[in-house]
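Engineer: Here it is, the structure, as structure tokens.
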Amino acid sequence: MIGDGDMADKKRSLTGDRPTGRLHIGHYFGSLQNRVKMQDDDSIERFVMIADVQALTDNFNNPQKVRDNVYQVLLDYLSVGIDPEKTTIFLQSMVPELAELTVYYSNLVTIARLERNPTVKTEIAQKKDVFGESVTYGFLGYPVSQAADITAFEGELVPVGEDQLPLIEQCREIVRKFNSIYGDTLVEPKAVLPESANERRLVGIDGGAKMSLNKRIKGLDGNEKMGKSLGNAIYLSDSEEEITKKVMGAVTDPGRIKKDDLGNPDICMVAYYHGLFTNPEDVKIVCQECREGKRGCVACKKQLAANIIKKLEPIREKRKYYEERPELLDEILINGTKKAQEIAKETMRKVKANMKLNYFDK
Ligand code: TRP
């Protein structure tokens, strides 16, 4: 039937972020931009979750930090154009079914399998300061809780960065195991990677062939990863002054001391960022002049800072609009969470029925 069945044909997408800090341009190119683009696709019903429960797994001793960042992340979402009319934004902790599902799924996963999860393994190694020699049960088990998040919404599509692939794989295993024991109940999800979207908008720092994003945006210091703890990130909410200061401190070709020295843009972070923020013709000129020793690093950095500031300006403006309307933020979360609860309840009902836990259902 035309028009009808729309909802039935729709796929759901579910993704989320831990509210442990403000989001930076790595998140922007890595996933936010993709989520905004997906909003034009009417065949998808979209959910974005602020994963405060997951944030607590390694910030259990810092609840205020998590709470504050719930609003920072929400502001980041809204400022880049995630539209609450098109995407349901909700809070993980407000949907208790997610915790309930986690308990049932935890029977379907071995400790050894969790310990082998590459993402979790890397994170545990990085978080020695939080966990010391022995990791908590909650942190080790967060992939189970993430499987609950995804399956509660029958989230067939999961738009995430590359680092989340092992978590999606683990979710798929849980789904298969659940369905094989309790009967067909859960939907197996697929990850949607942002790479193709990114490659289209990037040019090589030589202005020629497309630059491969290498899965994630490098930090201003040349570190493979951009992150708060590394102090090498540009945040979506950074002021003009902060952006300029950070760009002026970026790592350039260390062999180039005087302006006339011939530069190598391939090893310069400023050139790399020009590739992200500057138009292709200008990138070509930047790189050529650098190689010929005709362009000083300071001028090059100033040009880059101006381009970043310009690109982030509409984002900063939108953020300001919402910052001045805190009641709107709560309203968005409350409405989104209500909608999320309804769907999670429905999944919970099916799960419990198939697990023979539907005691008093008629
Ligand atoms: N693990 C994700 C992160 O580190 C957050 C997250 C929680 C998530 N639940 C999810 C992502 C479900 C995708 C789907 O940011």
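Engineer: Quick one: angle between helix 280-291 and the longest Cα principal axis of the chain, in degrees between 0 and 90, rounded to 10, please.
Structural biologist: It is inclined by approximately 50 degrees.
Engineer: Given the Cα atoms of the chain, and with Rh set as the inverse mean 1/r over their pairs in the Kirkwood sense, what is Rg to Rh to two decimals? Don't skip to the answer; put the middle values down first.
Structural biologist: Details: Rg = 22.5 Å, Rh = 22.2 Å.
Ratio of gyration radius to Kirkwood radius for the chain: 1.02.
Engineer: Quick one: what are the phi-derived ³J(HN,Hα) couplings along region 180-194, Karplus 6.51/-1.76/1.60 with θ = phi - 60°, whole Hz, x for glycine and proline?
Structural biologist: Once θ is set to phi - 60°, the couplings for region 180-194 become 6, 8, 9, x, 4, 9, 9, 9, 7, x, 10, 7, 10, 8, x Hz.
Engineer: One-quarter of the Cα convex hull surface for region 17-117, in nm²?
Structural biologist: Details: hull surface 32.1 nm².
About 8.0 nm², averaged over all directions.
Engineer: Accessible area per residue for the chain in Å², computed with a 1.4 Å probe and the full protein assembly in place, what is it? Walk me through the numbers before you get to the answer.
Structural biologist: Numbers: 17950 Å² over 362 residues.
Heavy-atom accessible area per residue stands at 50 Å².
Engineer: Ok, one more. List, in the order given, every pair from K225/K284; K177/K352; K259/K301; K127/K225; K11/K356; K10/K190 whose Cα-Cα distance in the structure shown is over 19 Å. The partial results should precede the final answer.
Structural biologist: Working: K225/K284 25 Å; K177/K352 15 Å; K259/K301 13 Å; K127/K225 16 Å; K11/K356 28 Å; K10/K190 15 Å.
Result: K225/K284; K11/K356 exceed 19 Å.
Engineer: Right, next: Can you give the FRET efficiency to the nearest 0.05 for E281 and K259, using r as the Cβ-Cβ distance and R₀ = 25 Å?
Structural biologist: Details: r = 23 Å, r/R0 = 0.90.
Step by step, r from the Cβ atoms, then E = 0.65.
Engineer: Shifting gears a bit: If each of S134 and S239 carries a label point 7 Å out from its Cα toward its Cβ, how far apart are those two points in nm?
Structural biologist: 4.7 nm
Engineer: Residue separation times 0.36 nm, minus the C-alpha to C-alpha distance between I181 and N223: what's the value? Kindly include the intermediate steps, with their values, before the conclusion.
Structural biologist: Numbers: separation 42, 0.36 × 42 = 15.12 nm, distance 4.52 nm.
Net length gain for the segment: 10.6 nm.
Engineer: In nanometres, what is the gap between the two model label sites at A306 and E188, each 7 Å from Cα along Cα-to-Cβ?
Structural biologist: 5.4 nm
Engineer: Give me the percent of the accessible area of region 1-85 that comes from carbon and sulfur atoms, probe 1.4 Å, all protein chains in place. It would help to have the intermediate numbers written out before the result.
Structural biologist: Numbers: 1780 of 3720 Å².
So the carbon and sulfur contribution to the accessible surface is 48 percent.
Engineer: Counting helices only, and only those DSSP H runs with n ≥ 4, report the 222 nm mean residue ellipticity of the chain as the sum of -39,500 (n - 2.57) divided by its residues, in deg cm²/dmol to the nearest 500. Mind dumping the intermediate values first?
Structural biologist: Working: 17 runs with 189 residues, N = 362.
When only DSSP H runs of four or more count, the value is -16000 deg cm²/dmol.
Engineer: For the chain, which longest stretch is free of loop sites, where a loop site is one of the GluC sites (Glu not before Pro) that DSSP puts outside H, G, I, E and B and that has at most 15 other Cβ atoms within 10 Å?
Structural biologist: Working: sites that count: E85, E133, E224, E292, E324.
After excluding every exposed loop site, the longest remaining stretch is 134-223.
Engineer: Where both residues lie in the chain, what percent of DSSP beta bridges are antiparallel, nearest 5? Mind showing how you got there, number by number?
Structural biologist: Values: 1 of 18 bridges.
So the antiparallel bridges amount to about 5 percent of the total.
The values are calculated or read from the model by the stated rules, or taken from the named source; none is laboratory data. Owing to the predicted nature of the structure, the values given are computational and were not obtained by experimental measurement. Neighbour counts are summed over all protein chains in view; Cβ atoms, including those assigned to glycine, are modelled from backbone coordinates with ideal geometry. Just the protein is used for accessible areas: all its heavy atoms, side chains included, with ligands, DNA and RNA removed. Shrake-Rupley method; radii C 1.70, N 1.55, O 1.52, S 1.80 Å.
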